[in-house]
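Peer 1: The following block contains the structure, expressed as structure tokens.
The values are calculated or read from the model by the stated rules, or taken from the named source; none is laboratory data. The structure presented is a predicted model; accordingly, all values stated were derived computationally and were not measured. In this analysis, Cβ positions are derived from the backbone assuming ideal geometry, glycine residues included, and neighbour counts consider all displayed protein chains. Heavy atoms of the whole protein, side chains included, go into the accessibility calculation; ligands, DNA and RNA do not. Shrake-Rupley method; radii C 1.70, N 1.55, O 1.52, S 1.80 Å.
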Amino acid sequence: MDSSIEQQLVQRPVPVHIAMIMDGNGRWAKERGMPRVFGHREGVNTVRRMVETCGRLGVGYLTLYAFSTENWGRPQPEVNALMELLVSTLRAELAKLHENQVRLHTIGRTADLPVACQKELDESMRHTANNTGLNLILALSYSAKWDIVRAAQGLAKQAATGHIAIDDIDDQAFKGALSTCNFPDVELLIRTSGENRISNFLLWELAYAELYFSKTPWPEFSEHDLYTAIQDFQNRERRFGKTSEQLINEI
Ligand code: IPE
Ligand code: IPE
Ligand code: MG
């Protein structure tokens, strides 16, 4: 931890909601002649680093893309290993997360997960439900398209039964029907390991996020890499469709 850099960073607004596509575990392991699972295990250390650092910096929400619906198509032994890693990590980290006031949430089709994972997640969420620090949101069996379709179906059902008028289906109502309804939109998206794509993650919630792509593979992504990403974010001009001059006059 570098407290002087952290002190500098918190002088300016840090992102309220950071989302991370934790990518590159498999390639990182392969480069070392190790099985892909070795990279996933090492990646857990980065998760711990990111959660602790975001907590210290006062980030409100951290959403981690841990497993996509597309990832079910990977070889079964890798899928099994990832599910087991989820359970063992929750077991090992829960006390520390709780101590640090982290509140755990999930988004995605979690009913697809093995029962042991669902149980561990439910217990961890219940255990941390009253915590007031960082909101840690795990995207598991997640697909943004699925979530958008599900939201549309929910609203359509409400309209069909007269619980909502079609004209009342606006941006806010739609947001309210997504699984991320209780979280603010993402301000900074970080993807590690050099791929410049979104891979079906938070399509609605990223509408005005700042995107940051790092070449560093997830297992090596450090506190300093996170500081650099946040500094980069703080130096950007977020215009939201306006002109620079308008923004200056608003201050
Ligand atoms: C990210 O690393 C972890 C998950 C998707 C579960 P990858 O497993 O995608 O690693 P690469 O991209 O193949 O190197
Ligand atoms: C995205 O990474 C999903 C997660 C990080 C969980 P992938 O490695 O699965 O995505 P693609 O295949 O590069 O798009
Ligand atoms: Mg990948």
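Peer 1: Which members of segment 41-70 meet the condition of being within 13 Å of ligand 2 (Cβ to nearest atom) and surrounded by fewer than 17 Cβ atoms within 10 Å (Cβ to Cβ)? Break it down into steps so the answer makes sense when it comes.
Peer 2: Here is the first cut: in segment 41-70, the ones within 13 Å of ligand 2 (Cβ to nearest atom) are 43, 46-47, 63-70.
Glu70 - this is the single residue of segment 41-70 that is within 13 Å of ligand 2 (Cβ to nearest atom) and surrounded by fewer than 17 Cβ atoms within 10 Å (Cβ to Cβ).
Peer 1: Name every residue in segment 206-220 that is within 27 Å of Thr180 (Cα to Cα) and surrounded by fewer than 17 Cβ atoms within 10 Å (Cβ to Cβ), in order of residue number.
Peer 2: Scanning segment 206-220 gives Ala207, Tyr208, Leu211, Phe213.
Peer 1: Still on this structure, I have one more. What number of residues within segment 1-15 satisfy the criterion of being assigned to a helix (DSSP H, G or I) and either under 19 Å from Tyr61 (Cα atoms) or within 15 Å of ligand 2 (Cβ to nearest atom) (or both)? Walk me through it before giving the result.
Peer 2: Step one: filter segment 1-15 for residues assigned to a helix (DSSP H, G or I), giving 3-9.
Cutting the leftovers down to either under 19 Å from Tyr61 (Cα atoms) or within 15 Å of ligand 2 (Cβ to nearest atom) (or both) gives us 6, 9.
Final tally of qualifying residues: 2.
Peer 1: So which of Ile137, Ile190 is modelled with pLDDT of 95 or more, open to solvent by less than 50 Å² (accessible area, probe 1.4 Å), under 28 Å from Arg126 (Cβ atoms) and part of a strand (DSSP E or B)?
Peer 2: On the way: Ile190 fails: under 28 Å from Arg126 (Cβ atoms).
Criteria check complete, one pass: Ile137.
Peer 1: If you don't mind, another one. Can you name every residue in segment 111-122 that is in a helix (DSSP H, G or I), more than 16 Å from ligand 2 (Cβ to nearest atom) and not aliphatic (A, V, I, L, M)?
Peer 2: Gln118, Lys119, Glu120, Asp122
Peer 1: Another question, then. Is at least one residue of segment 6-20 surrounded by 18 or more Cβ atoms within 10 Å (Cβ to Cβ) and within 11 Å of ligand 1 (Cβ to nearest atom)?
Peer 2: Taking every residue of segment 6-20 in turn, at least one turns out to be surrounded by 18 or more Cβ atoms within 10 Å (Cβ to Cβ) and within 11 Å of ligand 1 (Cβ to nearest atom).
Peer 1: I need the full set of residues from segment 32-45 which are near ligand 1 (Cβ under 9 Å from one of its atoms) and over 11 Å from Ser193 (Cβ atoms), in order please. Can you show your working first?
Peer 2: Quick first cut of segment 32-45, residues near ligand 1 (Cβ under 9 Å from one of its atoms) only: 36, 39-40, 43.
Of everything in segment 32-45, those that are near ligand 1 (Cβ under 9 Å from one of its atoms) and over 11 Å from Ser193 (Cβ atoms) turn out to be Arg36, His40.
Peer 1: Here is a further query. Go through segment 221-251 and give me each residue that's in contact (Cβ under 8 Å) with a residue 24 or more places away in the chain, open to solvent by 80 Å² or more (accessible area, probe 1.4 Å) and in a loop (DSSP other than H, G, I, E, B).
Peer 2: Within segment 221-251, Phe240 is the sole residue that qualifies.
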